[in-house]
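Only one structure is covered here, and it is reproduced in the block below.
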Amino acid sequence: MAQLIDGKKISAEIKDELKEKVAALKAEGREITLAVIQVGNDKASTVYVGNKKKACEYIGVRSLAYELPEETTEEELLNLVKELNARKDVNGILVQLPLPAHIYEDRILLAIDPDKDVDGFHPVNVGRLWIGEEGFLSCTPAGVIQLLKRTGIEISGKNCVVIGRSNIVGKPMAALLLRENGTVTICHSRTKNLAEVTKQADILVVAIGKPNYITADYVKEGAVVIDVGIHRNADNKLTGDVDFESVSEKASYITPVPGGVGPMTIAMLMCNVVRSVGK
Ligand code: NAP
């Protein structure tokens with residue numbers, strides 16, 4: 001039976017470390033401010049934004065909330081981003097996605113100053129990640145690396161297989177595992193004989209976006225399995241991309257859903273927010 005990787009506990013540890021760091025910065029007279037922009041009233045976005053504000057409060061960071069109406073134009077939003085880019089007292093800028101359909105998301109993300117881009121989505125930060133320069137890391141994949149490291153799982157020299165190649169999870173995940181000296185393979189919907197590839201993995205990261213898709217047949221005995229997926233099933237319960245029941249019989253370590261990767265995303269966002277003060 002696999003050991004559980006406890007994302008709840010690890011994310012709480014990280015937030016407590018950040019709280020101390022922020023207190024030390026405050027003692028030197030340095031305040032940190034995150035601007036959080038939400039356009040429209042998407043319910044899920046309101047919950048995410050609320051959680052981000054709470055995390056800021058917990059670690060001692062000031063958050064400025066911009067709750068803009070659905071009919072906000074792209075130009076108005078761009079002007080706000082420009083204004084926040086210019087403000088010396090604002091360290092980080094976060095635009096909650098998705099944006100309403102009439103606003104071109106990429107144009108907004110490109111407008112954010114890369115040194116205030118705490119989500120790590122700006123192409124400059126993506127490039128920095130791939131060439132090994134300092135920059136803001138994409139939060140969910142950075143959280144996976146912390147889960148592995150803080151559980152004492154060695155990445156260097158290991159066969160790491162990532163299922164999924166999205167810009168927010170799969171690709172940055174592969175870059176980070178490579179940076180930790182893993183031997184990395186990326187799988188996607190055109191991969192042939194997926195199970196043959198995934199069975200080579202010492203560390204298998206699953207971000208396929210399909211509930212309970214990865215069963216024990218895809219997993220090598222003793223592998224470490226990280227489930228990035230989040231879905232709500234018919235009983236309103238959260239479930240991942242991995243079939244926990246069968247895979248936990250075969251893996252050496254596994255992340256549960258909920259309580260695995262999920263809580264790490266906000267903790268890593270807070271790491272980026274604290275890092276933004278030095279930019
Ligand atoms: P996504 O954009 O839908 O990407 C899914 C990836 O899986 C794509 O690259 C796709 O390949 C690949 N794929 C789909 N079917 C496949 C198959 N049968 N065999 C092999 N590969 C296949 O999803 P995402 O945004 O990366 O998110 C992945 C999961 O993580 C979702 O469940 C999402 O809810 C969750 N998530 C969780 C967090 C968190 O904080 N825990 C954050 C973000 C996302 P193609 O590229 O060829 O289409």
**Asked** Rounded to the nearest 5, what % of the DSSP beta bridges within the chain are antiparallel ones?
**Response** 5 percent
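Cβ neighbours within 10 Å, averaged per peptide: list 67-79, 258-270 in order, most packed at the top. Numbers along the way, then the final one.
Values: 67-79: 13.6, 258-270: 23.5.
For the peptides 67-79, 258-270, the packing ranking is 258-270, 67-79.
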**Request:** Give me the angle, in degrees from 0 to 90, between the Cα long axis of helix 43-59 and the longest principal axis of the Cα atoms of the chain, rounded to the nearest 10.
**Result:** 80 degrees
**Asked** If Lys and Arg each add +1 and Asp and Glu each add -1, what is the summed charge of the other residues whose beta carbon sits under 11 Å from the beta carbon of GLU249?
**Response** -2
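Quick one, what does Rg over Rh come out to for the chain if you take C-alpha atoms and the Kirkwood Rh?
Numbers: Rg = 19.1 Å, Rh = 19.5 Å.
That ratio is 0.98, to two decimals.
If packing is taken as the average count of other Cβ atoms within 10 Å, what order do 197-205, 97-105 fall into, highest mean first?
On the way: 197-205: 21.8, 97-105: 14.6.
Packing proxy ranking, top to bottom: 197-205, 97-105.
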**Request:** Could you work out how far helix 139-150 tilts from the main Cα principal axis of the chain, as a 0 to 90 degree angle to the nearest 10?
**Result:** 50 degrees
**Request:** Using the Karplus curve 6.51 cos²θ - 1.76 cosθ + 1.60 with θ = phi - 60°, work out ³J(HN,Hα) for each residue of region 204-215 in order, rounded to whole Hz, and write x for Gly and Pro.
**Result:** 10, 10, 10, 9, 9, x, 10, x, 6, 5, 8, 9
**Message:** What do you get for the angle between helix 262-275 and the principal long axis of the chain? Use alpha-carbon atoms, 0 to 90 degrees, nearest ten.
**Reply:** 40 degrees
**Complete:** Residues meeting the amide H criterion for ILE214 (H placed from the backbone, H to H distance under 5 Å, 5 or more places apart or on another chain) are VAL242, ASP243
**Asked** Just how many pairs of Lys in region 121-279 have C-alpha atoms closer than 19 Å, counting pairs that are eight or more places apart or on different chains?
**Response** 14
**Message:** At a 10 angstrom cut-off on C-beta neighbours, averaged per residue, how do the peptides 223-236, 145-158 rank from highest to lowest?
**Reply:** 223-236, 145-158
**Request:** Divide by every residue of the chain the summed helix terms, -39500 (n - 2.57) for each DSSP H run of at least 4, and state the resulting mean residue ellipticity at 222 nm, rounded to the nearest 500 deg cm²/dmol.
**Result:** -12000 deg cm²/dmol
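So if we plug the beta-carbon distance of GLU154 and LYS54 into 1/(1 + (r/R0)^6) with R0 = 25 Å, what FRET efficiency do we get, rounded to 0.05? Walk me through the intermediate numbers first.
Details: r = 34 Å, r/R0 = 1.36.
E between GLU154 and LYS54, to the nearest 0.05, is 0.15.
Values in this text are rule-based calculations from the coordinates and carry no lab data. Remember, predicted model here, so these are calculated numbers, not experimental data. FYI the Cβ positions are ideal-geometry reconstructions off the backbone, even for glycines, and counts take in every protein chain you see.
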